[in-house]
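Quick notes on the structure that follows.
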C-alpha cells in the first residue's frame, strides 16, 4: 500500500541515491505536501524520475488495487522503462502466503543483482519535483513556488537544461509567478567563462551572456517558471539542440485520430546567436503501434546565427482509441536530433483528441448547483452541495465565466485547444468515488472562457468521466465529445 507507493516516490525523488526499488501492491497515487503545496503524485506519470533506477513491480489479480495498478504498469510501458520487471500474481493484497517468504526473497534477489551488474546511467536526466527546493545529481534548485504543482528540470547535461513548471502531470499549465535559483553540479573549470544562451519560451526572447563558473566549478542561474531553455558551452564548443515546442495543423495542440495531422517541431539551437552553418537531421517516431508517420526524417540546412528552427510538417496519422481505465491516454513522440557526430533523443508528449461519440444533455455549473446521480459516501456526502463554477448562474456558457460541465450528474474532465478557453486558468477538482478502499482519485475540470470570446462561438471538448467497481477497484472511464455554444442568441 503506502509502503509500495513510497518506494517508488523516494527512489524517484532521490535517483542519485537509489540503484533499485521494489513496489509490492502499492497505492497508485497520493496527495503529498502541506496545505499550501497539496500536490497529487500519480505514479503512472512519474516514471521519468525513475529512468536510472531498476524497478520491480508486483501486482495481484484480486487485490483491492489490482485495476489501479494495471494503470501504473501501463504508465511504465508508456514511459519505455529500460530496466523494469512486472509480475501480476494470483491472490489478494499481500506479499507472501502465511509462513512463506518466496516473494520477499525474490524481491531481495532482484535488488542484489542490480549491485552485481548496475546499468549504465543515461547521458541526460530529467526530474519532476513537488517540493519548493530540492537537490539532485549535485544540482540544487531553490524556488518561490507557493502552490501545488511541480518544478521540472529537463534533459540536463553539461551543455545545458530546460526549466519548466506544471500544475499537474504530465502536461498541466505552468505555475503562476514561480521563479527559481538553479546551481549546477561542479562540471566546469573554476573561474573560467562560459557562453550562455537562454531562451524564454513565453517571452520568445533570447539572452546571450558570458558567465564565469565559481571557484567550485558551478554555474548559477535565476529563471522564471514559464519555460526556459539554457545552452552552455565554451567558445569553441557546440552546445547542441533541443525540441521545446510543437504545433499541429491550424495552430492546434491536440492530435486528431483517424485524420491526417501535420506536426511541426520547434527546435532551439543552444549556441544561440553564435549558431553555425551545418545540417541537422531530425527524425520522428512513436512506440505506439497506432501511429504512422510519413517521411519520418528531415535534413535541415542551418543558417549562421539562426537559433530557432522549425521543421517542415511531419504527416502523422493515428488510429488510437481511448483507454477504458485511467492509463495514460497521450502520445509520447520520440524526436531524434543528429548534428555532426552527436545524436540525442528527446520526448514530447502530445494529447490526443479521440474520435468518439458526442455526449448529450450536458449541464453547466456557472455558479449554480447540479444535482448528482451518484451514490453518497463519507467522502462525497452530496456533490450537488458543491459549486465550482463562477458566473451568472443561468446554466449557459458566457464569456469570462469559469464553468464545470456535467453528464448525467458526473463531473467531466475536459480537454480542448480552442483559443477561447484560457489553458493556464484551468483548475482540477478531485473526489474519491465509493469503493472498498478510498484509492484512486477522480479529477474533473473547471475551465475559464476568455472575456473576448465572441457570441455564438462553438467550443468542442474531448471529455471523460469515471465510475468505479467496488472490489477489486477498476476505474471505468467513459469518453465523449462535447459541443458548447457561448452565449447563444435567443
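Assorted remarks:
- Some residue of region 225-233 being more than 19 Å from residue 165 (Cβ to Cβ) and free of Cβ contacts under 8 Å to residues at least 60 places away in the same chain: no
- Taken as a whole, the structure places residue 35 among residues that are at pLDDT below 95 and not assigned by TED's automatic domain parsing to the domain that holds residue 443.
- Candidates 200, 216: the one that is modelled with pLDDT of 95 or more, closer than 29 Å to residue 282 by Cα and either surrounded by fewer than 21 Cβ atoms within 10 Å (Cβ to Cβ) or not assigned by TED's automatic domain parsing to the domain that holds residue 163 (or both) is 200.
- Qualifying position, being in contact (Cβ under 8 Å) with a residue 12 or more places away in the chain, touching a strand residue (DSSP E or B) at 6+ places or on another chain (Cβ under 6 Å) and outside the structural domain of residue 275 (by TED's automatic domain parsing), among 194, 139: 194
- Matching residues, region 245-267, being surrounded by 14 or more Cβ atoms within 10 Å (Cβ to Cβ) and modelled with pLDDT under 95: 249
- Screening residue 209 against (1) part of a loop (DSSP other than H, G, I, E, B); (2) more than 30 Å from residue 148 (Cβ to Cβ); (3) in contact with a strand residue (DSSP E or B) (Cβ under 7 Å, 6 or more places away or on another chain) leaves a single unmet condition, (1).
- When region 289-307 is limited to residues that are surrounded by 15 or more Cβ atoms within 10 Å (Cβ to Cβ) and under 26 Å from the mean Cα position of the chain (by Cα), the one that is farthest from residue 272 (Cα to Cα) turns out to be 291.
- Tally, over region 139-151, of residues that are in a strand (DSSP E or B) and surrounded by 21 or more Cβ atoms within 10 Å (Cβ to Cβ): 4
- Residues in region 15-56 that are in a helix (DSSP H, G or I), without any contact (Cβ under 8 Å) to a residue 60 or more places away in the chain and surrounded by fewer than 21 Cβ atoms within 10 Å (Cβ to Cβ): 35 only.
- Condition check for residue 153: under 17 Å from the mean Cα position of the chain (by Cα), closer than 28 Å to residue 175 by Cβ, without any contact (Cβ under 8 Å) to a residue 60 or more places away in the chain and not assigned by TED's automatic domain parsing to the domain that holds residue 81: yes
- Boolean, residue 454 is modelled with pLDDT under 95, out of contact with any strand residue (DSSP E or B) (no Cβ under 8 Å at 6 or more places or on another chain) and either more than 23 Å from residue 368 (Cα to Cα) or part of a loop (DSSP other than H, G, I, E, B) (or both): no
- Residue in region 264-276 that is assigned to a strand (DSSP E or B), in contact with a strand residue (DSSP E or B) (Cβ under 7 Å, 6 or more places away or on another chain), outside the structural domain of residue 478 (by TED's automatic domain parsing) and more than 30 Å from residue 418 (Cβ to Cβ) present: yes
- Scanning region 123-138 turns up no residue that is assigned to a strand (DSSP E or B), exposed (fewer than 14 other Cβ atoms within 10 Å of the Cβ) and touching a helix residue (DSSP H, G or I) at 6+ places or on another chain (Cβ under 9 Å).
- Against the test of being touching a strand residue (DSSP E or B) at 6+ places or on another chain (Cβ under 8 Å) and either at pLDDT below 95 or surrounded by fewer than 21 Cβ atoms within 10 Å (Cβ to Cβ) (or both), the options 433, 414 yield a single qualifying residue, 433.
- Considering region 66-91, the residues that are part of a loop (DSSP other than H, G, I, E, B) and touching a helix residue (DSSP H, G or I) at 6+ places or on another chain (Cβ under 9 Å) include one that is nearest to residue 440 (Cα to Cα), namely 79.
- Residue ID - farthest from residue 200 (Cα to Cα), chosen from residues in region 304-358 that are touching a helix residue (DSSP H, G or I) at 6+ places or on another chain (Cβ under 7 Å) and outside any strand (DSSP E or B): 325
- The residues of region 418-445 that are touching a helix residue (DSSP H, G or I) at 6+ places or on another chain (Cβ under 8 Å) and part of a loop (DSSP other than H, G, I, E, B), listed by number, are 439, 440.
The values are calculated or read from the model by the stated rules, or taken from the named source; none is laboratory data. This one's a predicted model, so the numbers in the text were calculated from it and none came from an experiment. Here the Cβ is made from the backbone with ideal geometry for all residues, glycine too, and neighbour counts use every protein chain on show.
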